Amino acid sequence: MPHASLAMASGDRFNVNISFSKNWEHLQNKFVGTGHPDISKFEWAVNHHRDSMASHIGHSDMLAYFAVAEGEAIGRIKYTLLEKMLQPCGPPPARSET
């Protein structure tokens, strides 16, 4: 019986790559932060920072940790993180017109 499963696995390995590719494209279309081949470093960094800050806001234990470390109220830390989400990496770089 082990030989039959090996034969099946070797025949399906090409289908796995095709299936993965279709799933990856679906995820990229569904979720903005997953990126695409033409994403710039700035856009990637903005997505990464926003995802991290959203995660910190969503986990109350992390908010409490930040509040104790900075000596601020939890509400103030949440407000600060929300403000930083507007432009987490500063203003976008100037685009070259070529």
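The values are calculated or read from the model by the stated rules, or taken from the named source; none is laboratory data. Values in this document were obtained by computation on a predicted structure and should not be read as measured data. In this analysis, Cβ positions are derived from the backbone assuming ideal geometry, glycine residues included, and neighbour counts consider all displayed protein chains. Ligands, DNA and RNA are stripped out before the accessible areas are found, and what is left, the full protein with its side chains, is counted by its heavy atoms. Shrake-Rupley method; radii C 1.70, N 1.55, O 1.52, S 1.80 Å.
Quick one: order 46, 68 from most to least accessible surface, probe 1.4 Å.
The ranking, largest first, comes out as 68, 46.
Testing the spin-label approximation: label points 7 Å from Cα along Cα→Cβ at residue 97 and residue 67. State their distance in nm.
Spacing of the two 7 Å Cα→Cβ label points: 5.0 nm.
Starting with the highest mean, order 75-84, 52-61, 88-97 by the number of other Cβ atoms within 10 Å, averaged over the residues of each peptide.
Working: 75-84: 14.3, 52-61: 12.7, 88-97: 9.3.
The most tightly packed comes first, giving 75-84, 52-61, 88-97.
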